[in-house]
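A quick write-up on the structure given underneath.
The values are calculated or read from the model by the stated rules, or taken from the named source; none is laboratory data. This is a predicted model, so every value here is computed, not measured. Positions of Cβ are backbone-derived with ideal geometry, glycine not excepted, and every protein chain shown enters the neighbour counts. Ligands, DNA and RNA are stripped out before the accessible areas are found, and what is left, the full protein with its side chains, is counted by its heavy atoms. Shrake-Rupley method; radii C 1.70, N 1.55, O 1.52, S 1.80 Å.
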Amino acid sequence: MGLQGLCRLMSRFNSYKRTNIILQHLKMSNHTDAAAEVLLERKGCAGVITLNRPRFLNTLTLGMIRQIYAQLKKWEQDPKTFLIIIKGAGEKAFCAGGDIRALSEARNTNQKMLQDLFREEYILNNAIDSCQKPYIALIHGITMGGGVGVSVHGQFRVATEKSVFAMPETAIGLFPDVGGGYFLPRLQGKLGYFLALTGFRLKGRDVYTAGIATHFVDFEKLGMLEEDLLALKSPSKENIADVLETYHAKSKTDQDKPFILEEHMDKINSWFSANTVEQIVDNLQQDGSSFALEQLKVINKMSPTSLKITLRQLMEGSSKTLPEVLIMEYRLSQACMKGHDFHEGVRAGILLYHSAFLSHFMMC
């Protein structure tokens, strides 16, 4: 075979390999990891939950929700279990949310799954809030949607410099559920309204400053923190809090860095105090500052229906208990599943993602 023939053969091989990589990626969401999706282990004095889908940013499935809930209830009654730790496998994400593609696909094939997943997820959220044992979420990496639901209602939430928090549901025709109607309006001023309507991302120490996390620990110390918690002997809630406080106090990362929204909070409180989405939009337009116009641009890309649902959800939730909010959110979720915006939002998001992926590989 001549040199030209060899080059043509190598070119075909590389093209074949590239195509296979693309096809494998496109099929990825139809497969689960060979390992268990969630690991439930007794270690030392603690029950440890590890969300174990790192390829999929530890997104939650109905099976994972059921396993976590059942084990949580067992550990809660176990006299040898003194605390519960939840964390994500890998370094990229604690939990990026629920499996929204599976939800959208179930629209025409499995309505019962849509009902079961939301109901059982919200039951788990409430169980975490009412858990009789100290519950510690290590929210390192991406923490969004359903990942917020299995962390923010716990007694302790530990962020690191690589934590990323967001509730981006208005971009896909949904609303910030999993108890978002309860905890978001209880953040400082109108911060929760801003985060809910715009999907704004908080990173690193800002996750702690905003009140999403209760403690901040350097990522490189997270393993040591977990070991010290597991080594405690019959610890009380106060013993656990002391360990967390010790690590928090030692962290100097971004300690003097101002909150990313600090200079805008007065305006955020004013803009998002309006009782209608239209008035919020008017407030942003009238302000005219670069930050205001940037938020206006973001809001204009969101589902108009989701924006209205979300604002009302937060206003109603501000005076309700968590169980009351979760009941309200379940009813809202089922209405959204029957509508058009959510399924179109998921479809558009997936197409955009795969288009970017394909473009990347075609240039390789």
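Contour minus end-to-end for Ser236 and Thr276, with contour as 0.36 nm per residue of separation and end-to-end as the Cα-Cα distance?
Values: separation 40, 0.36 × 40 = 14.40 nm, distance 4.59 nm.
Gain in length upon complete extension: 9.8 nm.
Accessible area per residue of the stretch 155-228 at 1.4 Å probe, in Å²? Don't skip to the end; give the middle numbers.
Values: 2260 Å² over 74 residues.
Roughly 30 Å² per residue, with all protein chains present.
Listed here are the pairs Lys74/Lys308; Lys92/Lys257; Lys203/Lys267; which of them are more than 30 Å apart at the Cα? Write down the numbers at each step before the final one.
Working: Lys74/Lys308 40 Å; Lys92/Lys257 23 Å; Lys203/Lys267 21 Å.
Table pairs above 30 Å Cα-Cα are Lys74/Lys308.
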R0 of 35 Å, Cβ-Cβ distance Lys250-Ala35: FRET efficiency to nearest 0.05: 0.55
Could you please put Arg157, Arg201 in sequence from largest to smallest accessible area, using a 1.4 Å probe? Arg201, Arg157
Between Phe259 and Asp287, what FRET efficiency comes out of the Förster formula 1/(1 + (r/R0)^6) with R0 = 22 Å and r the beta carbon distance, rounded to 0.05? 0.65
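Assuming R0 = 51 Å, can you tell me the calculated FRET efficiency for the pair Gln132 and Lys308, based on Cβ-Cβ distance, to the nearest 0.05? Show your work: numbers first, answer last.
Values: r = 38 Å, r/R0 = 0.75.
It comes to 0.85.
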